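Presented below is the structure to which this report refers.
The values are calculated or read from the model by the stated rules, or taken from the named source; none is laboratory data. Please read all numbers here as calculations on a predicted model, not as lab measurements. All Cβ positions, glycine included, derive from the backbone under ideal geometry; neighbour counts span all protein chains shown.
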Ligand SMILES: Cc1cc2nc3c(=O)[nH]c(=O)nc-3n(C[C@H](O)[C@H](O)[C@H](O)COP(=O)(O)OP(=O)(O)OC[C@H]3O[C@@H](n4cnc5c(N)ncnc54)[C@H](O)[C@@H]3O)c2cc1C
């Protein structure tokens, strides 16, 4: 029997398995896919996520294997109409952009190196809880299988099967966005900043990527209404994404020579709340623990920080042989991420009202408080000690 079966090998699952295996726990990661693989993402990590990676890799030699894929980022620049403001992270802090295949595979390798077992191509179907253990049912290469563990973790992303299986998935939220995302080259005048271009019903995010020739990640997020309005152009994803870049007043000229360097991935909606992030012997981490919107680029931070918190509790629960300590988990997540989620909702409210948003951008410029917002959204504060 495993100590912990982690369902899902994205950043949340791999980071958690890495922490637990390092402490000598018997851990397996059951992942439906195989690495390396693409994941729709803006591919920017905020300073909080970078710090979480450095804590995880402390003393581990393979950090160089990741750094060769990393482009440091100094902050954000927000554009709406003619208004714009740059918001830099506090001195000494920086974010990264990194291709997700490289990041996710590096985290998984770290977990394996620490002693975790990976069961690739293993799709978890359900988790049943008993007094002293969990039974995880899955399908691998068309064959049903069952794993037993003292604790199970749902790290299986949006619309988590584990969350649904243990009755934690709430009704989907009202925010119904869709997104297209791809890597491009040939985008001129890139700076080491994440660009967010807000338009009515649409946001274009640009993150410069490591490499020459104007390499960047371009993500277009559309409200449900705007997606319906652009339905005919969305039939061709490359056309819809490149067309949106070229039609933007702020990006258009810079994108005249832009080319796609990858398939355009589509995804959405994103708003999947959960009733709680814990029940009995099961914890949820990362997107599985509830997700609102990718706009502020905090998803990877939450995945990594949530894994760190879950690891501490699972370690303690295993040592005590019980589950009581796990009851603290949902409150910990609320305490750590509640303010960020409130800010996300506020930004979402403003983003849907361009005039209000432009006034807010002017306000940030005049008051010089843009860096304060960057520090909050960048999760730049030292992590709380629990
Ligand atoms: C368009 C878009 C742009 C984004 N941009 C950013 C950004 O710039 N910065 C940022 O920080 N965040 C961003 N995010 C959010 C970020 O991608 C997620 O928060 C992050 O990937 C969460 O990691 P995770 O490990 O929880 O889930 P995931 O990365 O989704 O990993 C889940 C894993 O679970 C596996 N899995 C799924 N179902 C099962 C199953 N039934 N059984 C077994 N395994 C299963 C999958 O194969 C996968 O490996 C963005 C998201 C979107 C959609």
Here is a check on your reading of the model: is residue 293 within 12 Å of the ligand (Cβ to nearest atom), closer than 30 Å to residue 130 by Cα and touching a residue at least 60 places away in the same chain (Cβ under 8 Å)? no
Set 351, 360, 339, 318: member being crowded, with 20+ Cβ neighbours inside 10 Å and touching a residue at least 12 places away in the same chain (Cβ under 8 Å): 351
Which pairs turn up if I take residues in region 95-115 that are under 19 Å from residue 218 (Cα atoms) and look for partners that are modelled with pLDDT under 95 and part of a helix (DSSP H, G or I) with beta carbon separation below 8 Å, at least 6 apart in sequence or on another chain? 98/66; 102/66; 103/66
Select, from 164, 171, the only residue that is more than 24 Å from residue 95 (Cβ to Cβ) and part of a helix (DSSP H, G or I). 164
What are the residues in region 17-31 that are within 9 Å of the ligand (Cβ to nearest atom) and within 18 Å of the chain's Cα centre (by Cα), if any? 31
When you scan region 183-289 for strands (runs of 3 or more DSSP E) that lie fully inside it, which ones turn up with 2 or more residues that are crowded, with 22+ Cβ neighbours inside 10 Å and within 15 Å of the ligand (Cβ to nearest atom)? 193-199, 202-208, 216-222, 282-284
Picked from region 161-173 (must be modelled with pLDDT of 95 or more and away from the ligand (no atom under 14 Å from the Cβ)), the residue farthest from the chain's Cα centre (by Cα) is 167
Quick one: in region 146-160, which of the residues that are surrounded by 15 or more Cβ atoms within 10 Å (Cβ to Cβ) and not in a loop (DSSP other than H, G, I, E, B) is farthest from the ligand (Cβ to nearest atom)? 150
